[in-house]
Amino acid sequence: MNKKWISELALLFVAFVWGATFVVVQDAIQTVPPFSFNAVRFGLAGIFLLAVYMIKKRNRMAAVMPSVISGIVLGSCLFIGYTFQTVGLLYTTPSKAGFITGLSVVMVPLLAVLFLKKRPRLLSVIGSIAAALGLYLLAVKGAAALSAGDLLVFICTFGFAFHIILTDRFTKHVSVLLVTAVQVLSVSVFSFAGAIWTENWRNALSSHELFRPNLVFALSVTAFLATAAAFFIQTIAQRYTSPTRVAIILTMEPVFAALTSFVWLQERLSITAAAGCLLIFTGMVLSELPNLFHFKKGFFSESRSKG
């Protein structure tokens with residue numbers, strides 16, 4: 001099995017982890033507000049990754065500064081995504097927010113053309129559209145009209161889409177471990193600033209709150225598995241696959257969230273939601289099929305991957 005397939009299977013695992021831990025996060029933010037929770041979650045993950053980097057450090061000092069700068073930029077993109085999604089959720093429904101956030105699957109191939117000059121394959125474009133339609137069926141069939149919250153969540157999609165695009169650009173000649181550590185710590189710092197500004201952070205981050213058993217479990221799972229491991233896997237995997245495929249594979253997150261909710265909470269999937277899951281899966285499969293309509297200079301022919 002070549003590196004490309006291993007990377008894409010690893011990204012599928014990331015989507016599974018994020019989807020499976022959705023219920024855990026949802027329960028945790030009932031105890032600690034979102035900015036405070038993310039400050040601790042990303043802080044623990046960043047400290048862990050930085051400690052691992054210092055222990056295993058093999059890079060010359062010349063490689064440190066590019067890694068740090070790349071990490072701060074990527075962390076800023078992640079923070080924009082998480083912030084506008086969180087604030088938007090105050091004014092819209094979780095289902096609509098999930099669909100709008102998933103629109104990054106359509107935005108990534110467009111941004112890849114503009115910023116990376118990478119033209120997506122025809123089947124990848126079809127896969128993106130199928131995944132977006134699947135997200136619609138899964139999340140917002142019959143939902144109300146657009147609201148101000150929907151616009152805020154739409155802004156968050158730019159943060160997540162640019163995170164995928166810039167990860168592809170930044171991770172070629174830097175320390176993946178250090179870049180991941182810095183971007184995660186950046187989200188923690190920015191989230192802590194948001195907590196100071198908008199939340200009762202002293203109460204939220206008190207030992208009485210932080211050492212509740214359900215919160216200790218949530219922070220342990222999300223910090224080390226859904227943050228440290230997941231973002232490290234995503235960062236290194238993008239060396240061997242395209243941004244478009246990354247976006248499509250990660251749309252499996254709500255599918256895994258729906259499936260784990262069904263298993264753990266006995267939430268039933270409607271026929272429409274099941275069809276949405278099937279469309280998302282179909283979009284992922286299409287993006288992996290050989291390009292049957294390859295045009296060397298056409299709009300939909302993707303430049304050769306790293307090889």
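The values are calculated or read from the model by the stated rules, or taken from the named source; none is laboratory data. Just so it is clear, the structure is predicted and the values come from calculations on it, not from any experiment. Every residue, glycine among them, receives a Cβ derived from its backbone with ideal geometry; neighbour counts consider all protein chains shown.
Here are some notes:
- Matching residues in segment 176-194 - criterion: being closer than 28 Å to ALA15 by Cβ and over 19 Å from the mean Cα position of the chain (by Cα): PHE192, GLY194
- Scanning segment 83-102 turns up no residue that is within 23 Å of THR222 (Cβ to Cβ), assigned to a helix (DSSP H, G or I), modelled with pLDDT of 90 or more and of a type outside the set (Ser, Thr, Tyr).
- Reported count of residues in segment 263-272, each being at pLDDT 70 or above and either under 24 Å from the mean Cα position of the chain (by Cα) or assigned to a loop (DSSP other than H, G, I, E, B) (or both), is 2.
- Neighbours by Cβ (under 9 Å, 6+ apart or cross-chain): first from segment 241-262, within 24 Å of ARG169 (Cβ to Cβ) and touching a residue at least 12 places away in the same chain (Cβ under 8 Å); second basic (Lys, Arg) and surrounded by 24 or more Cβ atoms within 10 Å (Cβ to Cβ): SER242/ARG121; THR244/ARG121
- In segment 153-202, of all residues being polar (S, T, N, Q) and in a loop (DSSP other than H, G, I, E, B), the one that is surrounded by the fewest Cβ atoms within 10 Å (Cβ to Cβ) corresponds to ASN200.
So that you can scan it fast, the table gives a plain yes or no per residue for (1) part of a loop (DSSP other than H, G, I, E, B); (2) modelled with pLDDT of 70 or more; (3) over 27 Å from VAL182 (Cβ atoms):
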position	(1), (2), (3)
GLU209	no, yes, yes
ILE233	no, yes, no
VAL246	no, yes, no
ALA258	no, yes, yes
ILE280	no, yes, yes
HIS294	yes, no, yes
LYS297	yes, no, yes
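- Evaluation of ILE271 against (1) touching a residue at least 60 places away in the same chain (Cβ under 8 Å); (2) farther than 22 Å from MET107 by Cα; (3) not charged (D, E, K, R) (one fails), failing number: (1)
- Qualifying residue in segment 11-22 (condition: at pLDDT 85 or above and either on the phi > 0 side of the Ramachandran plot or among the β-branched types (Val, Ile, Thr) (or both)): yes
- In the condition set (1) charged (D, E, K, R); (2) modelled with pLDDT of 75 or more; (3) not in a helix (DSSP H, G or I), ARG119 is compliant with all but (2).
- For segment 30-58, a tally of residues being surrounded by fewer than 17 Cβ atoms within 10 Å (Cβ to Cβ) and assigned to a loop (DSSP other than H, G, I, E, B) returns 4.
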